[in-house]
Structure formats: structure tokens, C-alpha cells
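In what follows, a single structure is set out as C-alpha cells and then discussed.
The values are calculated or read from the model by the stated rules, or taken from the named source; none is laboratory data. These figures come from a predicted structure and were not determined experimentally. Cβ atoms come from the backbone with ideal geometry, glycine included; neighbour counts cover every protein chain shown. Calculation scope for accessible area: heavy atoms of the full protein, side chains included, ligands and nucleic acids excluded. Shrake-Rupley method; radii C 1.70, N 1.55, O 1.52, S 1.80 Å.
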Amino acid sequence: MAMCEDVLLCNFAKCRAKLSGFAWVTACSHVFCDQHGSGEFSRSPALCPACKSALAGKLDIVRTELSPSEEYKAMVLSGLRPELILDIASRALAFWTYQ
């Protein structure tokens, strides 16, 4: 059985680099490398470089670690109701499907 080698690519048109380490994720389901995310999202108002959507909400842009620690994974959803955990997982999978 082969290992799954799904990788995210930076959605910045001139980049398309394979993502590792940290990435910037938007509410419009785009993802950017740390370099392009840091540069693009430091401007105000923030616009998605891929689709030009306005990103004005507090959680419209999130910098995330793509390979979080075991401690983080053990705690991030702890205490949440099972239906909420499944909703979160469903949204995360929909993001990957969109990519």
C-alpha cells in the first residue's frame, strides 16, 4: 500500500510551491505559503490574492502550522461535543477537496 502524498500548493499565482511548515488559510478556502501570506495579508484592507474576496473578519485569515505537535493534536478538540468535532472535520475535508 502506497503512502498518501497529498500536499497543498500555494495558491499565489506565480508561486505554486509545495507547502510545509506554516501556511496562511483564508475563509474563501485558499492557502498561501508563509512568504506570500505574510506579505499579502499585512495590507489593509486584506484581499485574497487568489479570488479578491475581502477578508475583514477576525478569523478570515489564519496562519497555521501544517505539522502540529502531538501535544497540540491531543488537546485542540478535547472537550468538544462529538457532533462539533465531526462538523470541524467535515469542513477541513471540504477544504482539501476544494484544493
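In region 81-99, the residue that is least open to solvent (accessible area, probe 1.4 Å) out of those that are among the charged types (D, E, K, R) and over 22 Å from Thr26 (Cβ atoms) is Glu83.
When Ser78 is tested against (1) in the same structural domain as Phe12 (by the TED database); (2) exposed (fewer than 10 other Cβ atoms within 10 Å of the Cβ), exactly one condition is not met: (1).
Matching residues to (1) under 15 Å from Phe95 (Cβ atoms); (2) of a type in the set (Val, Ile, Thr); (3) surrounded by 11 or more Cβ atoms within 10 Å (Cβ to Cβ):
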position	(1), (2), (3)
Phe22	no, no, yes
Val25	yes, yes, yes
Phe41	no, no, yes
Pro49	no, no, yes
Leu55	no, no, yes
Leu66	yes, no, yes
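Entry remark, region 54-83: residues being touching a helix residue (DSSP H, G or I) at 6+ places or on another chain (Cβ under 9 Å) and farther than 19 Å from Arg43 by Cα number 3 in total.
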